[in-house]
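Quick notes on the structure that follows.
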Amino acid sequence: MQEYGASLGIGFVAGMRSMSACAALTWAASQGRTRGDLIPAGPGARALATTAAAAEMAGDKMPFAPDRRIAPSFALRLVIGAVGGWALAGRQASPEYGALAGVAGAVAGTLLGRAARGGDPHTAAGRSKGLAEDVVAAGLAALVVAYAEPKNRSRTFP
């Protein structure tokens, strides 16, 4: 099961903050922690994805921000979760099951993240909860990258 932990984790991040998951994936790719060459790893990709993540966090607090559960937003989160889950599945793991774990994480992150925000996310209390969600998403993204299995050597734990 631990072979799919990073896959599930990146999916959960995608459900909470989709661009944070993208940024985490570019950082993981730059450290050789992703499968294949699907995820861009260069400094430009990392800068763009990290900037997009920060913009998403800011935009999420705006009164015109759409609900994450609307079909296009939910579908995007599922796709990012699937791609991220595939890319971060451990070496001994099935990448297809990694993608499924990423989708499951994205569903959970989307629904639980929205439920944690409560009634109206555009009130002062909702924005405060949104800031807390930002911190959780960024922290989880950093943990996923740190503990994703390096593809060029055996896994070691601190």
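Assorted remarks:
- About the Cα centre, charge dipole magnitude for the range 42-105 (Lys/Arg +1, Asp/Glu -1 at Cβ), debye: 80 debye
- Taking all protein chains together, Tyr4, Tyr147, Tyr97 sort by accessible area into Tyr97, Tyr147, Tyr4, largest first [probe 1.4 Å].
- Coupling constants for the range 71-76 follow from the phi torsions by the Karplus curve (6.51 cos²θ - 1.76 cosθ + 1.60, θ = phi - 60°), and in residue order they are 3, x, 5, 4, 4, 4 Hz; glycine and proline get x.
- Helix 5-16 axis, angle to the chain major axis (alpha carbon atoms, nearest 10°): 20 degrees
- Net +/- balance of residues flanking Gly118 in space, Cβ distance below 15 Å, scoring K and R +1, D and E -1: +3
- When the solvent-accessible area of the range 1-83 is split by element, carbon and sulfur atoms take up 73 percent of it, the probe being 1.4 Å.
- Equivalent ellipsoid, the chain (semi-axes from 5 times Cα gyration tensor eigenvalues, Å): 27, 16, 13
- Lys151 contributes about 50 Å² of solvent-accessible surface, heavy atoms of the protein only, 1.4 Å probe.
- Rounded to the nearest 20, the Cβ-based charge dipole of the chain about its Cα centre (Lys and Arg +1, Asp and Glu -1) stands at 160 debye.
- Top positive-direction residue, dipole computed over the range 1-100 with Cβ charges, set Gly59, Ala45, Ile80: Gly59
- Among 29-39, 12-22, 74-84, sorting by the average number of other beta carbon atoms lying within 10 angstrom of each residue, highest first, gives 12-22, 74-84, 29-39.
- Angle of helix 124-147 to the longest C-alpha principal axis of the chain, folded into 0 to 90 degrees and rounded to 10: 0°.
- The 3J(HN,Hα) values that the Karplus relation (6.51, -1.76, 1.60; θ = phi - 60°) gives for the range 44-57 are, in residue order, x, 5, 5, 5, 5, 5, 5, 5, 5, 5, 5, 5, 4, 4 Hz. Gly and Pro appear as x.
- Heavy-atom accessible surface of the range 1-142, averaged per residue, reaches 46 Å², computed with a 1.4 Å probe.
- Rounded tilt (10° steps) of 95-117 against the dominant C-alpha axis of the chain: 20 degrees
- Shape of the range 68-158, Cα gyration tensor, a/c cut at 1.5: oblate
The values are calculated or read from the model by the stated rules, or taken from the named source; none is laboratory data. Computed from a predicted structure; not experimentally measured. When we count neighbours, we look across all protein chains shown, and the Cβ atoms used for this are built from the backbone with ideal geometry, even at glycine. Ligands, DNA and RNA are excluded from the accessible area calculation, which covers all protein heavy atoms including side chains. Shrake-Rupley method; radii C 1.70, N 1.55, O 1.52, S 1.80 Å.
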